[in-house]
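Worksheet: one structure, shown below.
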Amino acid sequence: MNKYILKYEAKQFMKNYAGIFFGMIFPILIGSLVIIGVTSNIPESAINEVKKSILLTINTIGPLSIFLIGFSSIFAKDLEEGVYDRLELFSISHLQMAKYKFIVYYIFYMISNVLYFAIMVNAFDIDISFVSIAKHTGYVSLIVISLFFIAYALCLFTKKFSVAYYVSMILYFALMILGGMMGIAVEDLPSGLKNIAKLLPTSHFSSVDYIKEVGANGGLNYSFLQSIIVFIILSIILFELALYKNRRKTNQ
């Protein structure tokens, strides 16, 4: 592992103020507002289950923000300015850069994740087991891989900050709306959108069954796992196509 590239990527990340805010602070603010607003009209016996559902659903906003907003915006800007064209002169490929970028951004995601659960669980007295949080983090980590490949491919395809930013924002809000993170439950979406939402793994986080599945005695939901695997495969295909396009353009 090249510590100089890792250090460079870490420095680049520290300039990513939008990614830091929306990935670390924004989910805590949104989660707090939703819990305060919703639980005031919920029967006492159901409050903790509702809090747990909100806690896990809103948690997925963090990785969406980190990779679709934070990562894609700064990476697209660097590509547009030709930063990585100069690095390729030193035989540093995009595949190598992707590895170091993912390490840096995933470490930040994990730090944000720990902070989110530590604050939310203690501030709102949510009774949730460590096993549930660990299982949830494992599922989200798989989706994080897909988000990274999608964001990286998007930047390579466009190499324009403005285009990459607008497309990533559309994807960001689309996944949030279809995932039930914008105050509208998946079940309340129009039938067409509901069918699309059910194909996405992010929509399952807001379902009633998910709380039971991530519990200590919860079973494995194979359809959910299958949707995650399909999401990862499609994102890898997109990433490979972007690398292929970039290689062809470089060799011309």
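The values are calculated or read from the model by the stated rules, or taken from the named source; none is laboratory data. Worth saying up front: this structure is predicted, and the values here are computed from it rather than measured. Cβ placement follows ideal geometry from the backbone for every residue including glycine, while neighbour counts extend to all protein chains displayed. For the accessible areas, the whole protein counts, side chains as well, though only heavy atoms, and no ligand, DNA or RNA atoms are used. Shrake-Rupley method; radii C 1.70, N 1.55, O 1.52, S 1.80 Å.
Table for the structure above
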| item | result |
| --- | --- |
| Cα long-axis angle, helix 47-59 against the chain (0 to 90 degrees, to the nearest 10) | 10 degrees |
| Separation of the residue 125 and residue 187 label points, Cα + 7 Å toward Cβ, nm | 2.8 nm |
| Kirkwood-based shape ratio for the chain, expressed as Rg/Rh from alpha carbons | 0.99 |
| Net lengthening on full extension, residue 118/residue 2 (0.36 nm per residue, minus Cα-Cα) | 38.5 nm |
| Computed label-point distance, nm, for sites residue 10 and residue 194 using a 7 Å Cα→Cβ extension | 4.9 nm |
| Lysines with Cα under 25 Å of residue 52, excluding same-chain neighbours fewer than 8 positions away | 135, 194, 198, 212 |
| Nearest-ten-degree value, helix 161-178 long axis tilted from longest Cα axis of the chain | 20 degrees |
| Percent RCO, i.e. relative contact order, over the chain, from Cα pairs under 8 Å lying at least 6 residues apart | 26 percent |
| Expected 222 nm ellipticity per residue - DSSP helices of 4 or more, -39500 (n - 2.57), all of the chain, to 500 | -23500 deg cm²/dmol |
| Share of carbon and sulfur in the accessible heavy-atom surface of the stretch 1-136 [1.4 Å probe, %] | 68 percent |
| Test item: Cα-centred dipole of the chain, Lys/Arg +1 and Asp/Glu -1 on Cβ, debye | 1000 debye |
| Most mobile of 43, 63, 201 in a GNM of the chain (Cα contacts under 10 Å) | 43 |
| Cβ-placed point charges (K, R +1; D, E -1), dipole of the stretch 159-252 about Cα centre in debye, nearest 20 | 740 debye |
| Spin-label model distance (nm) - residue 226 vs residue 36, 7 Å beyond Cα toward Cβ | 4.3 nm |
| Stretchable slack from residue 237 to residue 110, in nm (0.36 nm times residue separation minus alpha-carbon distance) | 43.2 nm |
| Crossing angle, helix 222-251 versus the chain [Cα axis fit, 0-90 degrees, rounded to tens] | 20 degrees |
